[in-house]
Amino acid sequence: MLYDLSLHMGYLYDAPATNARHIIRVLPLSLPDRQRLVAGSLTVSPTPGERSTFTDFFQHPASSVFVRASHERLDIRMKARVQVEAQPIAADLSPLLAKLPDELADCWSLDPGSPHHFFGTSPRIPQEPIIADYARGMAGEDRTVCQIATALCARVHKDFTYDPEATTVDTTPKQAFLLKRGVCQDFSHIMISALRSLGIPAGYVSGYLRTIPPPGKERLEGADAMHAWVRVWCGDAMGWIELDPTNNIAAGTDHIVVAYGRDYSDVAPVIGVLKSYGKQQTIQAVDVVPVG
Amino acid sequence: MGKKPATGRKLSAEAGSAADPAFGYRAMPDIADEMVDTQGQVRPVWQGLLSAISRMTEQELHDRFARADRYLRDAGVFYRAYGAQGSGERSWPISHIPVLIDEKEWQALEAGLIQRANVLEEVVADIYGENRLVRDGCLPPALIAANPEYLRPLVGIKPVGGHYLHFCSFEVGRGPDGNWWVLADRTQAPSGAGFALENRVATTRAFSDIYAETHVHRLASFFGAFRNTLQGGKHSAEDRIAVLTPGPANETYFEHAYIARYLGFMLLEGEDLTVFNDRVMVRTVAGLKPVSVLWRRLDASYADPLELNQQSHIGTPGLVEALRAGSVSIVNALGSGILETRALLSFMPTICRHLLGEDLLMPSIATWWCGQQAEREHVASNISRMVIGPAYSRLPFFDDNGQSVLGSTLRSSAKVSIADWLNTDGAKLVGQEAVTLSTTPAIVNGKLTPRPMSLRVFAARTADGWEIMPGGFARIGSGDDVAAIAMQSGGRAADVWIVSDKPVERTTLLPAEENFTRNMPGSLPSRAADNLFWLGRYIERAEGALRILRAWNARFAESADPKQPLLANVSDYLAALDMDTTEAVPESLLRNIDSAVYSASNIRDRFSPDGWLALNDLAKTARRFHERVKPGDDATHAMTVLLRKLAGFAGLVHENMYRFTGWRFLSIGRYLERGLHMTRLLGHMSGPDAPDGALDMLLEIGDNVMTHRRRYNVNTARLTVTDLLALDPLNPRSILFQLNEIRTEVEQLPNAFVNGQMSPFYREAMRLHSGVAVMTPETMNGDVYRRLENEIERLSDILAQTYLG
């Protein structure tokens, strides 16, 4: 599939902001044999006095911008054309859960794709006994890691209600878990927390989702803003798979990857520190148009 | 030493005899001792000190210790203790008897630690670089990946100059076999070197004669060498070097200020810094100035809220960006804290062999990471000889607030659950051999008593490689339990003397050359200027309030009727300042003084200890008076005492503070507040409707009763009082005097002229001064005072915008 993507994020400040420094992660990644960024651009207004690009630990080309002058709003616009390749159906090559620790122990690597980074806790995903209890029932002795992950994805989708009003960007996995509602970020955090509690490495994927459904299909949830889903390490042979608990599907050609991380904090589209008094309003608009 | 001991009794009297060379001192069985060997013989390096002490009466020893304590008090040495009642400053707990170590033994220890520092440098370079140690199987990836000190944004960023580590310390202890062990590596922001210097000065106050006769290695050259290293990191002569501190709430802030002052570096907090065009700049009153070397005393994850801990309020956004651009050297590199991980100790022997092809010269305390099966089983089956603690802890087991469990204290039923615990949470746990540390003598209840000891040794990178401080920071337990070494649980600190059998070289930090250049003080950081300005304002505000309260209470003592028109009038005025005259020493006066103390506490590096003590004394006295002083005569007297103490502080500042930019901000703060005070007061009390006695009271508040009599030779009249208190340029309390002084100071500030033209602030100060200078007493009225008050406030705002933002 070939897509034309556009994103607009706007920040409106009650009181003028100065000395604003932001790190932006919104451009799609290029992933061999899966996704190719044909062209992409990122504009920021007002024009930043300083701007640079660096590759972050998880290999996203992040942009760093600094707007020193006083401003009442900041607009970030991204446009990109992306080619997404359909993936062959993967056979379940994953080990039984009990065998996973050995495969993990045999992985002597700290590369960005190493499962060791996606284990235990991370800044936004602490240990949550309540989520661990929830996950415990999913692990059967005769089930493979891939089966457990897929079942958990379906379970989260069934047990939680998609509700953009219920949570905010700062909601913790536990809060969302207790509310039984939330958006893609909450669904993903809960599923990652559950997987890690079972000893399965799991990470966070931020990206875009096709906004116009193919003929005869319903529009997927989460298409009006940036989307998020989960990647799961299924052992050495199978590697990583990506599951979308918000829609209970595997990530396919409708999913366009922007960044990988341990949780939201690693991949947040915009992280900013600025000097201002008062509140801010945020607007976000996404368009993902198939062009062939 | 609480109560005064009986005099005349000698320390050694109980057990001392010629046949007992250790004077009754008995080491504990099976534990090494610093002073006596296994045969109970006093080690040669200790003999001089011990025989000198044994000749002293208890009184003499008491007097000597008191000299050391007085030094520490006068120098204002403190640390911050955290407890149930919040945190507070504690006086420095010194154990007066130094620890003496033979130079020859020390040299072996030095060699071991230099090797270790080199290994640690390679380890951290590998963790943030190529990851060979993980690939080669020397370091489990899980131990790194799950480590909170593994800072992913720093991966791949090579430090300027090539080195990650420049200043480390090692916690070492001596085991029962007499050999030294490394208990912990400190690479994040090692503290204690400054305290070691203060311990040295204090201890030599107590034992100056003995110190002079003993060949003790001096500490100064170590600091000189490290200062040179840091100066070598500058890009150009005008670049700055700074000590980066988390701020006054930190446990060891005293040391940050002390080190900065001792080495002549700026002391900065995260908010003093900004990153501009990929360079780290300090905000100063003369604009942004480049900083190229930061000796950080703050934990790395707090250093940049943008790319590291997003919750941090004490960091500098963009610092990691500047590191990527290679424009700043941070000592030690951000991320180096990972080397402190307790579990890493268990991999050090393998790593050393792998990297250097040699064995560790000095062993670490035996440690097993329970994330591996064989190690876990070893720990489980030897549980009674183990201390179990958190794998990622960066603190040694005896200093981690009780997070570690001693295996031998567990009941046998608990040991089963320990095995379960190790199986489920193994990756988060380490077992360490439960060691006993050596003991060293401390004076307890007037007797030399063995106490467990650990030693912190400091290493600094110099052009010629690592240099070890010849001395250190010994921590002495409060009881015979090893866990009582932590100062938070009552442990004490002692000086460490490395003793040579030959005379030692004496060096100081002062340059030896006959020719010198006079360095101009660097630009004043805006935050420091802000604190000085507000210190001036708060002090003056307190003084203004004290003068009014004194005058009010003196009159109240005579009439005892608060409804009397003059008293009621002044009560109204004070109420507007949030002061209630039913309180003799109002709460809000205390808040003013506390605010002054707070402002001063933020700039300890710029203050003499004398000034600091005087200010604290004022605050303490005011609190005491608040508790017990009654309105009237009692309060009048109390205000006089407080005014005298305040004048003492002001006098110390006036007589001793170097006349440069910092002084000007302090002075402008005082003049501005004094001008405001007099303007408001005249506006309130000099009108035609003012109650009887108001003009006399004004003169009293302004300390001008005599001057008025002399100059005008008439009874107080509105015009003469106005002339003297508002418009007399020679009266140090008049409004015009303040404006004149402000103008003079402002003229000397940086950027007073921009391209030959007056800056907006200078122009405003000038305009305000001229405006008042041409007034006559007849034209002064309530409206004029009100306008003037607003204009002075505005001047303060413009100053803040121009210099303090």
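Bear in mind these aren't lab numbers, they're just calculated from the coordinates by the rules spelled out. This one's a predicted model, so the numbers in the text were calculated from it and none came from an experiment. Cβ: placed from backbone, ideal geometry, glycine included. Neighbour counts: every protein chain shown.
Figures for the structure shown
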quantity: Modelled label reach - B:A52, point 7 Å along Cα→Cβ, the range B:199-243 residues with backbone N closer than 15 Å; calculated: B:200-218
quantity: When the convex hull of its Cα atoms is projected in every direction, mean area for the range A:192-292 (nm²); calculated: 9.2
quantity: Sorted largest first, extent of the range A:97-264 alpha carbons per principal axis (Å); calculated: 44, 32, 30
quantity: Exercise: per-residue mean of other protein chain Cβ atoms within 10 Å, A:121-131; calculated: 1
quantity: Ratio of Rg to Rh over chain B (Cα coordinates, Kirkwood Rh, two decimals); calculated: 1.04
quantity: Stretchable slack from A:R81 to A:A154, in nm (0.36 nm times residue separation minus alpha-carbon distance); calculated: 23.1 nm
quantity: For chain B, calculated [θ]222 nm from helices alone, where every DSSP H run of n ≥ 4 adds -39500 (n - 2.57); calculated: -13500 deg cm²/dmol
quantity: Cα long-axis angle, helix B:412-425 against chain B (0 to 90 degrees, to the nearest 10); calculated: 80
quantity: A:R51 paired with B:D578, simple spin-label distance in nm, labels 7 Å along Cα-to-beta-carbon; calculated: 4.7
quantity: For the range B:669-805: Kirkwood Rh in Å [reciprocal of mean 1/r, alpha carbons]; calculated: 15.5
quantity: Positive dipole terminus of the protein assembly as shown, leading residue within B:M386, B:V201, B:W368 (C-beta point charges); calculated: B:V201
quantity: Helix axis angle, A:145-159 relative to chain A longest principal axis, alpha carbon, degrees; calculated: 60
quantity: Cα Rg, Dmax (largest Cα-Cα span) when computed across the range B:88-246, Å; calculated: 19.5, 58
quantity: Shielding score for A:13-26, defined as the mean number of other chain Cβ atoms within 10 Å; calculated: 2
quantity: Mean Cα-pair separation over length for chain B, i.e. relative contact order, pairs under 8 Å, 6 or more apart, %; calculated: 14
quantity: Peptide-level mean, for B:144-152, of C-beta atoms on other protein chains within 10 Å; calculated: 4
quantity: Kirkwood hydrodynamic radius of the protein assembly as shown, Cα pairs, Å; calculated: 33.8
quantity: Lysines with Cα under 28 Å of B:K563, excluding same-chain neighbours fewer than 8 positions away; calculated: B:K630
quantity: Charge dipole magnitude, Cβ of K and R +1, D and E -1 - the protein assembly as shown, Cα centre, debye nearest 20; calculated: 1580
quantity: Qualifying aspartates and glutamates (Cα of each under 13 Å from Cα of A:K79; at least 8 residues distant if same chain); calculated: A:D4, A:D287
quantity: At R0 = 56 Å, FRET efficiency that the Cβ-Cβ distance of A:D33 and B:K289 yields, to 0.05; calculated: 0.60
quantity: Length gained when the stretch B:M766-B:R659 is fully extended (0.36 nm per residue, less Cα-Cα span); calculated: 36.4 nm
quantity: Per-peptide average of other Cβ atoms within 10 Å, ordering A:2-9, B:790-797 highest first; calculated: A:2-9, B:790-797
quantity: P(r) histogram, all alpha-carbon pairs of the range B:524-657 included - 5 Å bins from 0, percent; calculated: 2, 11, 21, 22, 17, 12, 8, 5, 2, 1, 0
quantity: Three-way shape label, the range B:578-662, alpha-carbon gyration tensor, a/c 1.5; calculated: prolate
quantity: Descending Cα extents along the principal axes, chain A, whole Å; calculated: 60, 43, 42
quantity: Full-stretch length increase - B:N228, B:Y598 - with 0.36 nm per residue and alpha-carbon distance subtracted; calculated: 129.8 nm
quantity: Paramagnetic reach from B:T436 in the range B:170-198 [backbone N under 17 Å; point 7 Å along Cα→Cβ]; calculated: B:173-181
quantity: 222 nm mean residue ellipticity, helices alone, for chain A (DSSP H n ≥ 4; -39,500 (n - 2.57); rounded to 500); calculated: -5500 deg cm²/dmol
quantity: Most fluctuating residue given options A:F66, A:F119, A:F187, as computed from a GNM of chain A linking Cα atoms under 10 Å; calculated: A:F66
quantity: In nm, spacing of pseudo-spin labels at B:Q107 and B:S208 (7 Å Cα→C-beta vector); calculated: 3.3
quantity: Cα-projected label distance for A:T172 with A:A132, points at 7 Å along beta-carbon direction, nm; calculated: 1.5
quantity: Ranked list, fewest to most other Cβ atoms within 10 Å of each Cβ, for B:M281, B:M780; calculated: B:M281, B:M780
quantity: Listed residues A:L31, A:L152, A:L198, most fluctuating in chain A (Gaussian network, C-alpha, under 10 Å); calculated: A:L31
quantity: 0 to 90° range, to nearest 10: angle between helix B:220-232 axis and chain B longest Cα axis; calculated: 80
